[in-house]
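The values are calculated or read from the model by the stated rules, or taken from the named source; none is laboratory data. Quick caveat: nothing in here was measured; it's all calculated off a predicted structure. Heads up, the Cβs are rebuilt from the backbone with ideal geometry, glycines too, and the neighbour counts pull from every protein chain shown.
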Amino acid sequence: MKISQHKICKRVGLIGAAVFCLCLVFASSPLHAQSAKSSGSSQTKNSILDAGLDPLQQMSSTLQALSKRVSPSVVQILSTGYNLESDRGRTNTDLVSLGSSLGSGIIIASDGWIVTNAHVVEGGRRIRVRLNQEVVFSEPQKGKSRCTLFDARLIAADRDTDLAVLKIEATGLPTLELADSSDLRQGQVVLAFGSPLGLDNSVSLGVVSSAARQLDPDAPTIYVQTDAAINPGNSGGPLVDTMGRVVGINTLILTQSGGNEGVGLAIPSNVVKSVYHGVRTEGHVHHHQIGVSARTITPSLASALGLDREDGVIIEDVSEDGTAATAGLLPGDIIISVNDKPVQNIRQFALSMYAFEVGENAKLEIERGKHTRSYLVPLAEKQDLAGKLAGVVANELTKIPRLGILALTVDDKIRPLLPPLRNRLGVIVAGRESEGAYLGERPLPGDVIYSVNGTPVENVDALRSTLESLKDAETIALTVERQGALRYLVLERNE
């Protein structure tokens, strides 16, 4: 039977309840020792309970205290936006409909910085954050009466990691600490917080099923797997250890039914820490690379290539302009360790590389034929489409203030830098420059704008003039191409 994968804030419908059974065996406890004795067992048991030594009661009290400490830092996120739906079966048209999504998030800094999943806020025209009712502000909110619902600004959304950073105008908020997810161990007790099926301030108990789970053996993306009950609405909520520290952000479930089946996946806290630090300090997410593509060596691959080993990571290709090529690495090299820590598969290699910052050197031990040698390979910033365009952007000539973007006409100089497009003429978004004059789902770097309110725009000048002619319009709709698909971005005038 095929197992489907769902981002857990998107699915709606009736989902059966999941029951988590925690079985404790106290083989050496006084309760167990006395259980087989017929005389005096009741008296001994009562004396232990009276002394407050009942293990179940102790565990229950500990979990209650932990939940009370963590819950105030967990928020509910409500995102509303427009989605393109097809109605071609009946009317041969496409419709723009207003939709909403519900998820969770964590307060990561007391001045209103919040982390959630990117898919929770994707396409959001308006994003609001509802604080836990038990939040007690350590500082008074200027000009505000007691309130728990705030409008939020999307500071950054990173699709590669499925993380987003939001900001609300509040101070003195309770926060959660990010743990070192590399310390996680299988079997460790964890709790999942969030708003499953819209039920805010919920908690479930489980263990770490796998400290580093891959969905694709040849992909570097790593998750923390847990059997704690996770359902749609838990996305963006924290997975915490017994000290109340965040070890992951709940993001996916593997399910046959659409609901919890005990296979939940969370983004490790070390990834969360890296993304938040990059956004908070430099305004964007760093993705570093050394310019190689690699895969785990399997017995079949080892047999086919005549390798002497059946584990490790083999380099499939080396980018000509990457730091690995400059350092001397070649296709066919086998990576056996990073900074003297053994690497047996692509998962371990990816986790090892996450420990480095852009500009730092990674010591890679390489096996090439019968010889082993070490290389120092600098980590470089991963260049995406926006990075390619940065070198040809002239801010004074490409600012579109009403949209708050930097834009370029798609011409013969720009077109070779882009993937194949639907149309030859248009305007590509090279970067975001300001808030702009509109609220809603703003164009992102890499989007190609083809029309505004149905009027084609073939270059930057046409985009400027069309926006100027619509400056009194309450709403505008941009037709853009994003990652090969056409979509509408609906914006409302910010007044």
Practice item. Kindly indicate which of Val285, Val318 is of a type in the set (Val, Ile, Thr), at pLDDT 90 or above and either crowded, with 18+ Cβ neighbours inside 10 Å or on the phi > 0 side of the Ramachandran plot (or both). Key: Val318
Study note, to complete from the structure: When region 484-495 is checked residue by residue, the ones that are surrounded by 12 or more Cβ atoms within 10 Å (Cβ to Cβ) and either of a type in the set (A, V, I, L, M) or over 33 Å from the mean Cα position of the chain (by Cα) (or both) are Leu486, Leu489, Val490, Leu491
Exercise for review: Go through (1) touching a Leu at 6+ places or on another chain (Cβ under 6 Å); (2) more than 17 Å from Ala212 (Cβ to Cβ); (3) assigned by TED's automatic domain parsing to the domain that holds Gly248 one by one and return the number of the condition Ala266 breaks.
Suggested key: (2)
Review point. In region 410-459, what residues are β-branched (Val, Ile, Thr), touching a residue at least 24 places away in the same chain (Cβ under 8 Å) and surrounded by fewer than 20 Cβ atoms within 10 Å (Cβ to Cβ)?
Key: Ile414
Review point. Any residue in region 207-215 that is under 25 Å from Ser100 (Cβ atoms), touching a residue at least 24 places away in the same chain (Cβ under 8 Å) and not in a helix (DSSP H, G or I)?
Key: no
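Condition check ((1) within 30 Å of Lys167 (Cα to Cα); (2) out of contact with any Phe, Trp or Tyr (no Cβ under 9 Å at 6 or more places or on another chain); (3) assigned by TED's automatic domain parsing to the domain that holds Arg213) across all residues:
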site: Gly259; (1), (2), (3): no, yes, yes
site: Gly262; (1), (2), (3): no, no, yes
site: Asn270; (1), (2), (3): yes, no, yes
site: Tyr276; (1), (2), (3): yes, no, yes
site: Ala304; (1), (2), (3): no, yes, no
site: Val313; (1), (2), (3): no, no, no
site: Asn345; (1), (2), (3): no, yes, no
Exercise for review: Name the one entry in Ser303, Ser337, Ser352 that is in a strand (DSSP E or B), hydroxyl-bearing (Ser, Thr, Tyr), within 21 Å of Thr372 (Cα to Cα) and free of Cβ contacts under 8 Å to residues at least 40 places away in the same chain.
Suggested key: Ser337
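Across region 155-167, what is the number of residues that are surrounded by 22 or more Cβ atoms within 10 Å (Cβ to Cβ) and part of a loop (DSSP other than H, G, I, E, B)? I'd like the intermediate steps shown before the answer.
First, the residues of region 155-167 that are surrounded by 22 or more Cβ atoms within 10 Å (Cβ to Cβ): 157, 162-166.
Going one step further and asking which of them are part of a loop (DSSP other than H, G, I, E, B), we end up with 162.
Going through region 155-167 one residue at a time, the tally reaches 1.
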Review point. Are any of the residues in region 400-422 assigned to a loop (DSSP other than H, G, I, E, B), at positive phi and under 30 Å from the mean Cα position of the chain (by Cα)?
Key: yes
Exercise for review: Determine, yes or no, whether Ile449 is more than 22 Å from Arg153 (Cα to Cα), in contact with a helix residue (DSSP H, G or I) (Cβ under 8 Å, 6 or more places away or on another chain), modelled with pLDDT of 90 or more and not assigned by TED's automatic domain parsing to the domain that holds Tyr354.
Suggested key: yes
Check your understanding: Out of all the residues in region 216-245, which are assigned to a loop (DSSP other than H, G, I, E, B), of a type in the set (Ser, Thr, Tyr) and within 21 Å of Ala164 (Cβ to Cβ)?
Key -> Thr221, Ser235
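Going by the conditions given, is Gln225 over 14 Å from the mean Cα position of the chain (by Cα), at pLDDT 90 or above, closer than 30 Å to Glu316 by Cα and outside the structural domain of Asp311 (by TED's automatic domain parsing)?
Values: over 14 Å from the mean Cα position of the chain (by Cα): yes; at pLDDT 90 or above: yes; closer than 30 Å to Glu316 by Cα: yes; outside the structural domain of Asp311 (by TED's automatic domain parsing): yes.
For Gln225, the condition - over 14 Å from the mean Cα position of the chain (by Cα), at pLDDT 90 or above, closer than 30 Å to Glu316 by Cα and outside the structural domain of Asp311 (by TED's automatic domain parsing) - is met.
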Point to revise | Among (1) over 22 Å from Ile77 (Cα atoms); (2) in contact with a Ser or Thr (Cβ under 6 Å, 6 or more places away or on another chain) - the single one Pro196 does not satisfy | key: (1)
Revision key, fill the gap. Of the residues in region 442-495 that are touching a strand residue (DSSP E or B) at 6+ places or on another chain (Cβ under 7 Å) and of a type in the set (Asp, Glu), the one that is nearest to Ala407 (Cα to Cα) is Asp447
Review point. Is there a residue being part of a loop (DSSP other than H, G, I, E, B) and surrounded by 19 or more Cβ atoms within 10 Å (Cβ to Cβ) anywhere in region 463-483?
Key: no
Review point. Hey, any hits in region 306-322 for a residue that's among the polar types (S, T, N, Q) and without any contact (Cβ under 8 Å) to a residue 12 or more places away in the chain?
Key: no
